[in-house]
1. Helix 151-160: angle to the longest alpha-carbon principal axis of the chain, degrees 0 to 90, nearest 10?
2. Please give the helix 236-246 orientation as an angle from the longest Cα principal axis of the chain, in degrees from 0 to 90, rounded to the nearest 10.
3. What does the C-alpha gyration tensor say about the overall shape of segment 143-254? Classify as rounded when a/c is under 1.5, otherwise prolate if a/b is larger than b/c, or oblate.
4. Between segment 47-113 and segment 24-41, what is the C-alpha centre distance in whole Å?
5. Order these peptides, 102-108, 175-181, by their mean beta-carbon neighbour count within 10 angstrom, highest first.
6. Taking θ as phi - 60°, what are the ³J(HN,Hα) couplings along segment 197-205 by the Karplus curve (6.51, -1.76, 1.60), each to the nearest whole Hz, with x for Gly and Pro?
7. Enter the accessible area per residue of the chain (Å², integer; probe 1.4 Å; all protein chains in place).
8. Hey, can you rank 147-157, 17-27 by average C-beta count inside 10 Å, highest first?
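The values are calculated or read from the model by the stated rules, or taken from the named source; none is laboratory data. Because the structure is a prediction, the values reported are computed rather than measured. Positions of Cβ are generated from backbone atoms using ideal geometry, with glycine treated the same way; all protein chains shown enter the neighbour counts. SASA here: full protein model, heavy atoms, side chains in, ligands and nucleic acids out. Shrake-Rupley method; radii C 1.70, N 1.55, O 1.52, S 1.80 Å.
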Amino acid sequence: MAGTVGYAVADGVATITLNRPDKLNSFTPELHGELAAALEDAARSETVRAVLLTGAGRAFCAGQDLSTLDMAHVGDTIERLYNALVRRMRNLPKPIVAAVNGVAAGAGANLALACDIVLAARSASFIQAFCKIGLIPDTGGTYFLPRLVGSARAMALALTGDPVPAEQAAAWGMIWRAVDDAALMDEALGLARRLASQATKGLGLTKEALNRSLDNDLFVQLEVERELQVLASVTEDCREGVAAFLAKRPPAFTGR
Ligand code: T3D
């Protein structure tokens, strides 16, 4: 695997692998650049209908590489790299599955939480490590955490930096599932392939609707549903899904 990010497309799934295993796949400007390019390709490519994000070696991602932390330009780094990354992931109109293969710390933990469905190896853990170096949770952590686990747990996790093991994270609703280490990649790839065979535009619009619901009241959200359902209903895959149901045959979705 060349570079700091691996990228391979097969069966409609773009597998993106953070690849600085000796430094626990921590973020450098180079890794940010390659990850952004991979996500951009996945967004644009008609072949890609789902994304799988994982890490090489024993960790998922240990957040910012602290040996390259640029104290003089933190605001710029956050805006240009971390905030841009979260926006890119949330705006990507295809599902992103995280296969959290090991520790996910700092921005690495919140990178996982920014994915759409998170599977984690039982040995993995999530650490809001920021408080240990005098920083605050970023990469969307202060937004995702209270919404996923509630204010009490979010506050304690952010203030203590205590690790949350994968099974605890699943029990709290922070992630979708914890699975046996040996089964993680098969399960995550199986899920990503399954999503890649579905009505891609409908899944993208579903993702958008659920993300927008986080800040809307019911009546506003009903409008969002109307707006996005109109878009879903004119896709080829919607026509195919209805026709297949009526003909009592499996649908053959194309992603269009
Ligand atoms: O402007 C900005 O960029 C602000 C943005 C900030 C975003 C952030 O993410 S801040 C938070 C940064 N991350 C952390 O504080 C986590 C630091 N790492 C750890 O706490 C621990 O490494 C872990 C709990 C993740 C794992 O512990 P352990 O014992 O399994 O592994 P280790 O021995 O600590 O690490 C293995 C190697 O990876 C080691 O290198 P070495 O000694 O073998 O050459 C270690 O230094 C390196 N490493 C791990 N995390 C980082 C790292 N190197 C640079 N930066 C890291 N974040």
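1. 40 degrees
2. 60 degrees
3. Verdict is oblate for segment 143-254.
4. Between the Cα centres of segment 47-113 and segment 24-41 lies a distance of 8 Å.
5. The packing order, highest mean first, is 102-108, 175-181.
6. Result, ordered by residue: 9, 8, 6, 4, 5, x, 5, x, 5 Hz.
7. Roughly 50 Å² per residue, with all protein chains present.
8. 17-27, 147-157
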